[in-house]
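Trainee: Handing you a structure now.
Throughout, read-outs are computed from the coordinates displayed, never taken from laboratory work. Worth saying up front: this structure is predicted, and the values here are computed from it rather than measured. Here Cβ is always computed from backbone atoms with ideal geometry, including for glycine, and neighbour counts include all displayed protein chains.
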Amino acid sequence: MKIFAVGGAIRDELLNLEVYERDWAVVGGSAKNLIAKGYKPVGKDFPVFLHPKTGEEYALARTERKVGPGYHGFSFDTSTEVTLEEDLGRRDLTINAMARDSNGNIIDPYGGQVDLENRLLRHVSPAFTEDPLRILRVARFAARFNKIGFTVAKETEKLMRKMVSAGEADSLKPDRVWQETEKALSGPTPEVYFKVLRDCSALSTVFPEINALFGIPQSEKWHPEVDTGIHTLMALSIAARVTDSVAVRFATLTHDLGKATTPKDIWPKHHGHEERSVEILRSFCKRLPIPKRYRELAVAVAQQHGMAHRAKELKPNTIYKLFESLDGLRRPERFEEFILACEADARGRAGFENHQYSQADLLRTALNAARKVQAKDLGEIEQGPSLGEKLRKYRVKAIHAALAKKN
């Protein structure tokens, strides 16, 4: 029985990146061997074991055979006869199909090191087409490594497009789609994930609501980039620059979904797109397991981003109503995320990428002033609607004073 370090850890070490987890392949061993050594079995589809001390995953070397549709339609061979090269050959990309032995030697039967040097995401073999989840994984790796120059190999993009045409992407399960997408949204260039999916024609299958935005014109006066889909990815790029919050990035991605359903006869205007965005967004979140916190913020941004953009024109009373509608007084952290998503929207336009979003500072100042006014400070005895109305008036006055001082 021989044990090899495999997968992403080898790739990241060769790229001089931080390694977060290590995986191991066991060649010539069996489940009985590992259990006898204290390893704990955890795999359901195929034998995976946790090291008794480190907790790292050790998987029996295996081969796969396609026997049904989707990514569950496989049979596995984990016999002691399976070689390391056979095990590596079932992996998705060459850069993920390398191993290291106990002496530190790299085993690289499929050219992963050359592809690392050339910054290419290239499939290992035609068996790539057997698992539709790999379409999303390639897009996610492209987004993760975009800043260090990685691109998808032409032949791999062609294969992904072929898979989409064959209907393989139709079998993707919502939980797996969201799992890969959430990882992509947390990365440095999440917009690349959606661009790669669009380039291979998968976006229309996996995220039809986002795909529908491409080709929808906006007023060139406000959106020099014109195309709503392009604007959406530009805004997502800005969101990734201003915050690590996946909730903000998701809200930015979905803030304009309603523009895809604007009647053509009123283009490039989009009257009422906010409410249509919310309607589409709610359907989107039913189809995919979007966390409640992400969904709530996204709905708030879709409904109210226009109000935030007009903050300089709003009266103190209207600003206070905005705070109330978004529960900003009780949840200032979420209101801050709302502001960041609105900033990403405003700066996600051609020529505006480095502009300051002064509305953000104005809204923060107003919210801080309103939150400083508490019921206990009013010296009032009565409770209920009467106290609530007086509290509102004092907070509106505080907003007015704070903004007057600021100006």
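Trainee: Fully extended, how many nm does the chain gain between LYS264 and GLU86 (0.36 nm per residue separation, minus their Cα-Cα distance)?
Mentor: Fully extending the segment from LYS264 to GLU86 adds 58.6 nm.
Trainee: Let me ask another. Fewest first, what order do THR318, THR78 take by the number of other Cβ atoms within 10 Å?
Mentor: THR318, THR78
Trainee: Here is a further query. HIS305: net charge of surrounding residues, Cβ under 9 Å, Lys/Arg +1, Asp/Glu -1, itself excluded? Can you show the working numbers first?
Mentor: Details: positive: none; negative: ASP256, GLU274, ASP345.
Net charge in that neighbourhood comes out at -3.
Trainee: State the answer as a single residue: which of SER277, LEU34, MET98 lies farthest towards the positive end of the charge dipole of the chain, with beta carbon charges of +1 for Lys and Arg and -1 for Asp and Glu, about the Cα centre.
Mentor: In the chain, that residue is SER277.
Trainee: Now a separate question. Hey, what do the phi angles of segment 398-404 turn into as Karplus ³J(HN,Hα) couplings, whole Hz, using 6.51/-1.76/1.60 and θ = phi - 60°, x for Gly and Pro?
Mentor: 3J(HN,Hα) across segment 398-404, in whole Hz: 5, 5, 4, 5, 5, 6, 5.
Trainee: What is the list of residues in segment 1-32 whose amide nitrogen lies under 20 Å from a point 7 angstrom out from the Cα of GLU117, following Cα to Cβ?
Mentor: Residues 10-17 fall inside that zone.
Trainee: Can you sort GLU86, GLU168 from fewest to most other Cβ atoms within 10 Å of each residue's own Cβ? Please report the intermediate quantities before stating the final value.
Mentor: Working: GLU86 16, GLU168 23.
Final ranking by Cβ density, sparse to dense: GLU86, GLU168.
Trainee: Can you give the helix-only mean residue ellipticity at 222 nm for the chain, where every DSSP H stretch with n ≥ 4 adds -39500 (n - 2.57) and the sum goes over all residues, rounded to the nearest 500 deg cm²/dmol?
Mentor: Roughly -14500 deg cm²/dmol at 222 nm, from the helical runs in the chain.
Trainee: Something else now. Can you sort ILE106, ILE399, ILE280 so the residue with the fewest Cβ neighbours within 10 Å comes first? Numbers along the way, then the final one.
Mentor: Values: ILE106 14, ILE399 25, ILE280 22.
Taking fewest neighbouring Cβ atoms as first place, the list is ILE106, ILE280, ILE399.
Trainee: Further question: Roughly what would the spin-label model give for LEU378 and ARG241, points 7 Å off Cα along C-beta, in nm?
Mentor: Placing both labels 7 Å beyond Cα along the Cβ direction yields 4.3 nm.
Trainee: What is the sum of charges, Lys and Arg at +1 and Asp and Glu at -1, for the other residues whose Cβ falls under 13 Å from the Cβ of GLU21?
Mentor: Here the count lands on -4.
Trainee: Hey, if you put +1 on the Cβ of every Lys and Arg and -1 on every Asp and Glu Cβ in the chain, which of ALA169, ASN317, PRO190 ends up farthest toward the positive end of that dipole?
Mentor: ASN317
Trainee: Multiply the residue gap between THR151 and SER186 by 0.36 nm, knock off their C-alpha separation, and tell me the result in nm, one decimal place. Show your work: numbers first, answer last.
Mentor: Working: separation 35, 0.36 × 35 = 12.60 nm, distance 1.89 nm.
Contour length minus Cα-Cα distance gives 10.7 nm.
Trainee: Right, here's the next one. Using a Förster distance of 60 Å, how high is the FRET efficiency between ILE106 and ARG310, based on the Cβ-Cβ distance and rounded to 0.05?
Mentor: According to the calculation, E is roughly 0.55.
Trainee: Right, something else. Could you compute the FRET efficiency for LEU387 and LEU288, with r as their C-beta to C-beta distance and R0 at 45 Å, rounded to 0.05? Show your work: numbers first, answer last.
Mentor: On the way: r = 43 Å, r/R0 = 0.95.
The calculated FRET efficiency here is 0.60.
Trainee: Under a crude label model (7 Å from the Cα following the beta-carbon direction), how far is SER75 from LYS397 in nanometres?
Mentor: For SER75 paired with LYS397, the spin-label model returns 8.1 nm.
Trainee: Please give the charge dipole size of the chain, origin at the Cα centre, charges +1 on K and R Cβ atoms and -1 on D and E Cβ atoms. Round to the nearest 20 debye.
Mentor: It comes to approximately 1380 debye.
Trainee: Explain nothing, just the number: dipole magnitude of segment 1-110 about its Cα centre with +1 on each Lys and Arg Cβ and -1 on each Asp and Glu Cβ, in debye rounded to the nearest 20.
Mentor: Approximately 440 debye in magnitude.
Trainee: Give the calculated FRET efficiency between THR318 and ASP170 to the nearest 0.05, with a Förster radius of 60 Å applied to their Cβ-Cβ distance.
Mentor: Details: r = 46 Å, r/R0 = 0.77.
Working from the Cβ atoms, E equals 0.80.
Trainee: Quick one: which residues, 5 or more positions from ILE216 or on another chain, have an amide H under 5 Å from its amide H? H modelled 1.01 Å from N in the peptide plane, none for Pro or chain starts.
Mentor: THR228, GLY229
Trainee: Need the C-alpha centroid separation for segment 348-363 versus segment 255-284, integer Å.
Mentor: Taking the Cα centre of each part, segment 348-363 and segment 255-284 sit 23 Å apart.
Trainee: What does the charge count near TYR320 come to, summing +1 for each Lys or Arg and -1 for each Asp or Glu among other residues with Cβ under 13 Å from its Cβ?
Mentor: Summing Lys and Arg as +1 and Asp and Glu as -1 gives +4.
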